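Take a look at the structure set out below.
Read the figures in this text as sums done on the coordinates, not as results from a lab. From a predicted model like this one, the values you see are computed outputs, not experimental measurements. Counting neighbours? That spans all protein chains shown, and the Cβs are built from the backbone with ideal geometry, glycine included.
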Amino acid sequence: MRLADGLHRVGNDIVACYLVADADGVTLFDAGLAGQWNEFLAELAAMGRTLGDVRAVVLTHGDEDHLGFAERLRRDHGVPVWVHEADAGRARGEGKPPTAWGRVRPLPLLRFLGYAAGRGGLRTTYLREVRTFTAGERLPVPGAPLVVAMPGHSPGSVALHVPALDAVVVGDALTTRHVLTGEEGPRPAPFTDDPQAALDSLAALERLDARWVLPGHGAPWDRGTAEAVRHVRQVTPAG
């Protein structure tokens, strides 16, 4: 799905990742589910690019439904995979704390689980090797994303700001389609380690003033970071 010149989405409102292209090549932001590989190749072709143009995978965090085909790219095609140092162990499959599911509606949950199961999401291929970054770095990959710390969903959760495209990839720092309830619009993401820390982190997102907010779950949001954060706070009970 083309969002703008040099900016495409792979996947759909259930699970998504993003491609950014410039003169230096292509960066994949998150890697969705393993079974989205063919969709990834098709989106590359729609951009007029090939696997040989992919220079990096940059992860917003280390959860399974964002690792997808990242190890396949690293192992088979030599593409380095980047993740915040606090989530490196998570991306390597070294464990994560249990998280509460919260409110669930059966049909959206079944749709999410069915979609994930049909695309290899119930068996994760973890990363064997990663490159790490910290908050505040501008990564030396196509798009030159700025790393913005968004701890809460996971310790190393980040947003990746691409000023040239007026876009920020937020992973699960927020969602625009809650996979457990089907509710749409910006709101807190489920499966969050520390919900209060995740809400507090939204202040950093609010300050970016980017048009495109690109979540791992839900439709791309093009009404700006400040408006997205306002919606999250509006639907989040105090305390």
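Extension gain, THR99-ASP24: 0.36 nm per intervening residue step, less the Cα-Cα distance, totals 23.1 nm.
Springs between Cα atoms under 10 Å define the GNM used for the chain, and in it the highest mean-square fluctuation of PRO188, PRO163, PRO145 occurs at PRO163.
Between THR132 and ALA45, the modelled labels are 3.9 nm apart [label points 7 Å from Cα along Cα→Cβ]. Does a label point 7 Å from the Cα of ARG75, set along Cα-to-beta-carbon, have any residues of the range 113-127 with amide nitrogen under 20 Å, and which are they? Of the residues in the range 113-127, 117-127 have backbone N under 20 Å from the label point off ARG75. Count Lys and Arg as plus one, Asp and Glu as minus one, and take only other residues whose Cβ is under 13 Å from that of ALA16; the net charge is then -3. Label point 7 Å out from GLU184 along Cα-to-Cβ: which residues of the range 190-220 have amide N under 13 Å? The answer is 218-220, whose backbone nitrogens lie closer than 13 Å to the label point.
Label the chain by shape, choosing from rounded, prolate and oblate, from the square roots a ≥ b ≥ c of the eigenvalues of the Cα gyration tensor; if a/c is under 1.5 it is rounded, and otherwise prolate applies when a/b is larger than b/c, oblate when it is not. Because its axes are fairly even, with a/c under 1.5, the chain counts as rounded. Residues considered: PRO108, PRO98, PRO142. Largest GNM mean-square fluctuation over the chain, using C-alpha springs under 10 Å, is found at PRO98. Once you reduce the range 24-42 and the range 83-161 to the center of their Cα atoms, the two points are 15 Å from each other. Scanning the chain for GluC sites (Glu not before Pro) in DSSP loops with at most 12 neighbouring Cβ atoms within 10 Å leaves 130-239 as the longest stretch between them. Evaluated with a Cβ-only charge set (Lys, Arg +1; Asp, Glu -1), the chain carries a dipole of roughly 420 debye about its Cα centre, given to the nearest 20.
If you run the Gaussian network model on the chain, springs between alpha carbon atoms under 10 Å, then out of ALA149, ALA204, ALA228 the most flexible one is ALA204.
Any chance you could run the full-extension gain for THR236 through LEU122? It's 0.36 nm times the residue separation minus the Cα-Cα distance, nm to one decimal. Provide the component values of the computation, followed by the final result.
Values: separation 114, 0.36 × 114 = 41.04 nm, distance 2.99 nm.
My answer for the length gained is 38.1 nm.
Restriction of the trypsin sites (Lys or Arg not before Pro) in the range 141-239 to DSSP coil positions whose beta-carbon has at most 10 other beta-carbons within 10 angstrom yields no sites. If you take the Cα centroid of the range 182-209 and the Cα centroid of the range 216-232, the two points sit 10 Å apart.
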